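All remarks here apply to the structure that follows.
The numbers here are math on the coordinates, done by the rules we state, and not lab data. Keep in mind it's a predicted model, so treat the numbers as computed, not measured. All Cβ positions, glycine included, derive from the backbone under ideal geometry; neighbour counts span all protein chains shown.
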Amino acid sequence: MYEVCSPWEDRWSQPQVKQLLDPIEEQRRKVVDILIKKINAYPGVHQTLIWHGSAWKWTLQFSLYGTDGKLIDTLAYLVPNPETPVLCIPLKPATVEKLPLKRLNRYIRDAIRVSKRAVDIHWAVWTPSAVTETEHLMDLIKRRHKILMAQQAGNA
């Protein structure tokens with residue numbers, strides 16, 4: 001007999017977002033739902049479901065497009081791991097320099113400071129489990145969105 005894997009782990013069958021979120025514990029799922037809704041509410045954000053290999057598996061990618069329809073950057077990734085969902089916000093050093101780190105909540109600030117850095121990007125990650133954490137994460141996403149849109153406007 002073979003073991004049946006969860007929709008999140010099944011590389012060969014693209015699941016629906018609902019199939020990925022249903023196995024998540026109720027409180028965490030509520031937090032994830034809030035994040036998805038709020039991130040998608042920003043202008044220019046497009047959500048896609050992409051297979052990101054053995055570590056992230058099926059992942060929601062939130063890409064930011066300019067008013068001209070061109071991709072600006074990836075705003076965030078949401079890894080719907082049924083045990084511990086993860087939000088990753090990739091930050092370039094120039095973006096980190098523009099952030100008012102001292103004014104950001106410690107929950108956000110600490111994750112940025114200890115984030116792994118690869119290919120000149122800080123891969124800041126959080127495992128949000130409370131609604132109050134979504135407020136702090138959305139503050140960071142709002143700032144990143146504003147920085148990216150300003151950069152795109154400056155390049156036009």
Kindly evaluate Arg109 against the criterion of being without any contact (Cβ under 8 Å) to a residue 12 or more places away in the chain, on the phi < 0 side of the Ramachandran plot and assigned to a strand (DSSP E or B).
no
Name the residue, out of Val119, Val131, that is among the hydrophobic types (A, V, I, L, M, F, W, C) and over 16 Å from the mean Cα position of the chain (by Cα).
Val119
Near pairs, Cβ below 8 angstrom, 6+ apart or cross-chain, from the stretch 121-143 (of a type in the set (Phe, Trp, Tyr)) to any residue that is outside any helix (DSSP H, G or I) and exposed (fewer than 15 other Cβ atoms within 10 Å of the Cβ)
Trp123/Lys116; Trp123/Arg117
Residue pairs within 9 Å by beta carbon, gap of at least six or interchain, first lying in the stretch 50-62 and on the phi > 0 side of the Ramachandran plot, second surrounded by fewer than 13 Cβ atoms within 10 Å (Cβ to Cβ), listed first then second, are Gly53/Arg11; Lys57/Arg11
